[in-house]
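**Student:** One structure is given below, represented as structure tokens, and several questions about it will come after.
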Amino acid sequence: MTSGIQRIFDTSARELRVFEPVREGHVSIYLCGATPQSSPHIGHLRSGVAFDIVRRWFLAKGFDVAFVRNVTDIDDKILTKAAENGRPWWEWVSTYEREFTRAYNLLGVLPPSVEPRATGHVTQMVDYMHRLIDRGFAYEAAGSVYFDVAAWVRAEGSDYGSISGNRVEEMESGEPDNRGKRGPHDFALWKAAKPGEPSWPTPWGEGRPGWHIECSAMATWYLGGSFDIHGGGLDLQFPHHENEQAQSHAAGDGFANYWMHNHWVTMAGEKMSKSLGNVLSIDNMLATVRPVELRYYLGSAHYRSVLEYSPEALSEAAAGYRRIEDFVARAGTPEKT
């Protein structure tokens, strides 16, 4: 039996909203998971911990929770890194997917209800693209398929920009207009095959998925055309989540009723990122604190707040957890008479 009124902050509405599930007593959550191109760092793991806390909170309130966390196992960066290291792309991504799973397990993140991979859902993506083309919101060009942003912006009921707060005229252009794109903001649903790259057959030719279509296809395949919560890191608001919502609504799906985004882990005010070279590996962190203490640290700030990393902050969080641990141990020990 569920208890009490639940409120969550909906990024799209920019306000706290009373949570009303699609199905009474049940919560459906889709979380954008890893793109395993290299080893995970604590910036990656903050999202996993934050939404594990959200999931456990709903469970504690008596809800049944379906939790889907995807793996983007085909991506430009994955292909580039695998080629640079002379390894097959599928081996490269599988190696680092296992590292992410190990890190989630070490930090006590519950396994997802299902963990779908993009390459396993090409059939669902093709179906989604057919729906968009039939409704006039996507088109084929030179073996690729693009979402027609201008057509969707003109459509009745369009809410393009609602998640990020951006206006189309102020947005940066999408992929370079060199393969028959109609507009600079149009984004690829399907990318025509390039020599030497992995590809899958479709009615439009051999190719591979675009980034955004995979999540719409997987989320609705497992959770239905309308589901409760879509989560992910703040950096995914635009373009990823904005484009996910656009293509899903354009296809006729209600998609996510609530959007939740966790903020970054920063170091000296900069977002933790491999491209900036300011990342901290999980193994290096666990050389100084226990996994449960690292989890406590990653969950110590509100999920929508920046978590600024410093060795001192990590040490203080670990000490705070040990104090709680000691208190619980002492409270559970009967007094001697």
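**Student:** Out of all the residues in the range 121-134, is one or more over 23 Å from ILE29 (Cα atoms), of a type outside the set (Phe, Trp, Tyr) and assigned to a loop (DSSP other than H, G, I, E, B)?
**Tutor:** no
**Student:** Continuing with this model, one more query. Applying the selection to the range 93-120, what residues are among the charged types (D, E, K, R), assigned to a helix (DSSP H, G or I) and open to solvent by 40 Å² or more (accessible area, probe 1.4 Å)?
**Tutor:** ARG98, GLU99, ARG102
**Student:** Every residue in the range 66-92 that is open to solvent by 10 Å² or more (accessible area, probe 1.4 Å), over 17 Å from the mean Cα position of the chain (by Cα) and among the hydrophobic types (A, V, I, L, M, F, W, C), please.
**Tutor:** Across the range 66-92, the qualifying residues are LEU79, ALA83, TRP89, TRP90, TRP92.
**Student:** Let me ask another. Every residue in the range 6-35 that is at positive phi and open to solvent by 30 Å² or more (accessible area, probe 1.4 Å), please.
**Tutor:** Just the residues of the range 6-35 that are at positive phi, to begin with: 14, 25.
Answer for the range 6-35, where residues must be at positive phi and open to solvent by 30 Å² or more (accessible area, probe 1.4 Å): just ARG14.
**Student:** OK, next. Could you tell me whether the range 307-322 includes any residue that is farther than 19 Å from GLY165 by Cα, of a type in the set (Phe, Trp, Tyr) and modelled with pLDDT under 95?
**Tutor:** Kept after step one, since they are farther than 19 Å from GLY165 by Cα, are these residues of the range 307-322: 307-322.
Then drop every residue that is not of a type in the set (Phe, Trp, Tyr), which leaves 309, 321.
From the residues that got through so far, the ones that are modelled with pLDDT under 95 too are 309.
So far as the range 307-322 goes, yes, one or more of its residues are farther than 19 Å from GLY165 by Cα, of a type in the set (Phe, Trp, Tyr) and modelled with pLDDT under 95.
**Student:** Pairs please, first residue from the range 89-108 and touching a residue at least 60 places away in the same chain (Cβ under 8 Å), second anywhere and open to solvent by 20 Å² or more (accessible area, probe 1.4 Å) and of a type in the set (Lys, Arg), Cβ atoms under 8 Å, 6+ apart in sequence or on different chains.
**Tutor:** Within 8 Å, the pairs are LEU107/ARG295; GLY108/ARG295.
**Student:** Is it true that some residue in the range 189-202 is among the acidic types (Asp, Glu), touching a helix residue (DSSP H, G or I) at 6+ places or on another chain (Cβ under 8 Å) and open to solvent by 10 Å² or more (accessible area, probe 1.4 Å)? Talk me through it step by step, then tell me what you get.
**Tutor:** Filtering the range 189-202 for residues among the acidic types (Asp, Glu) gives 197.
Retained after the next criterion (residues that are touching a helix residue (DSSP H, G or I) at 6+ places or on another chain (Cβ under 8 Å)): 197.
Right, trim to open to solvent by 10 Å² or more (accessible area, probe 1.4 Å) and you get 197.
Looking for residues that are among the acidic types (Asp, Glu), touching a helix residue (DSSP H, G or I) at 6+ places or on another chain (Cβ under 8 Å) and open to solvent by 10 Å² or more (accessible area, probe 1.4 Å), one finds at least one in the range 189-202, hence yes.
**Student:** Let me ask another. Output the residues belonging to the range 36-65 that are of a type outside the set (A, V, I, L, M), in contact with a strand residue (DSSP E or B) (Cβ under 7 Å, 6 or more places away or on another chain) and either part of a helix (DSSP H, G or I) or open to solvent by 40 Å² or more (accessible area, probe 1.4 Å) (or both). Write out each step before concluding.
**Tutor:** Start the filter on the range 36-65 by keeping residues that are of a type outside the set (A, V, I, L, M), which leaves 36-41, 43-44, 46-48, 51-52, 55-58, 61-64.
Now restrict to residues that are in contact with a strand residue (DSSP E or B) (Cβ under 7 Å, 6 or more places away or on another chain): 36, 39, 41, 43, 46-47, 51, 55, 58, 63-64.
Selection gives SER39, GLY43, ARG46, SER47, PHE51, ARG55, PHE58, ASP64.
**Student:** To continue, here is another question. Test SER216 against the criterion of being under 24 Å from the mean Cα position of the chain (by Cα), assigned to a loop (DSSP other than H, G, I, E, B) and in contact (Cβ under 8 Å) with a residue 40 or more places away in the chain, and give yes or no.
**Tutor:** No; evaluated as a whole, the condition is false for this residue.
**Student:** Among the residues that make up the range 309-325, is at least one of them surrounded by 11 or more Cβ atoms within 10 Å (Cβ to Cβ), in a loop (DSSP other than H, G, I, E, B) and under 19 Å from the mean Cα position of the chain (by Cα)?
**Tutor:** no
**Student:** Sort through LEU294, LEU298, LEU280 and tell me the only one that's surrounded by fewer than 17 Cβ atoms within 10 Å (Cβ to Cβ), more than 17 Å from ILE29 (Cα to Cα) and of a type in the set (A, V, I, L, M).
**Tutor:** Result: LEU280 is the single residue among LEU294, LEU298, LEU280 that is surrounded by fewer than 17 Cβ atoms within 10 Å (Cβ to Cβ), more than 17 Å from ILE29 (Cα to Cα) and of a type in the set (A, V, I, L, M).
**Student:** Still on this structure, please answer the following. Taking ARG131 as the residue in question, decide whether it is over 28 Å from GLN37 (Cβ atoms), open to solvent by 40 Å² or more (accessible area, probe 1.4 Å) and modelled with pLDDT of 95 or more. Walk me through how you get there before you give the answer.
**Tutor:** Details: over 28 Å from GLN37 (Cβ atoms): yes; open to solvent by 40 Å² or more (accessible area, probe 1.4 Å): yes; modelled with pLDDT of 95 or more: yes.
It is true that ARG131 is over 28 Å from GLN37 (Cβ atoms), open to solvent by 40 Å² or more (accessible area, probe 1.4 Å) and modelled with pLDDT of 95 or more.
**Student:** Only one residue in TRP221, TRP264, TRP211 is within 30 Å of LEU314 (Cα to Cα), open to solvent by 30 Å² or more (accessible area, probe 1.4 Å), out of contact with any Ser or Thr (no Cβ under 6 Å at 6 or more places or on another chain) and of a type in the set (Phe, Trp, Tyr). Which one?
**Tutor:** TRP264
The values are calculated or read from the model by the stated rules, or taken from the named source; none is laboratory data. None of the values given here were measured: they were computed from a predicted structure. All Cβ positions, even for glycine, are placed from backbone atoms using ideal geometry, and neighbour counts span all protein chains on display. Surface areas here come from the heavy atoms of the whole protein model, side chains and all, with no ligands, DNA or RNA. Shrake-Rupley method; radii C 1.70, N 1.55, O 1.52, S 1.80 Å.
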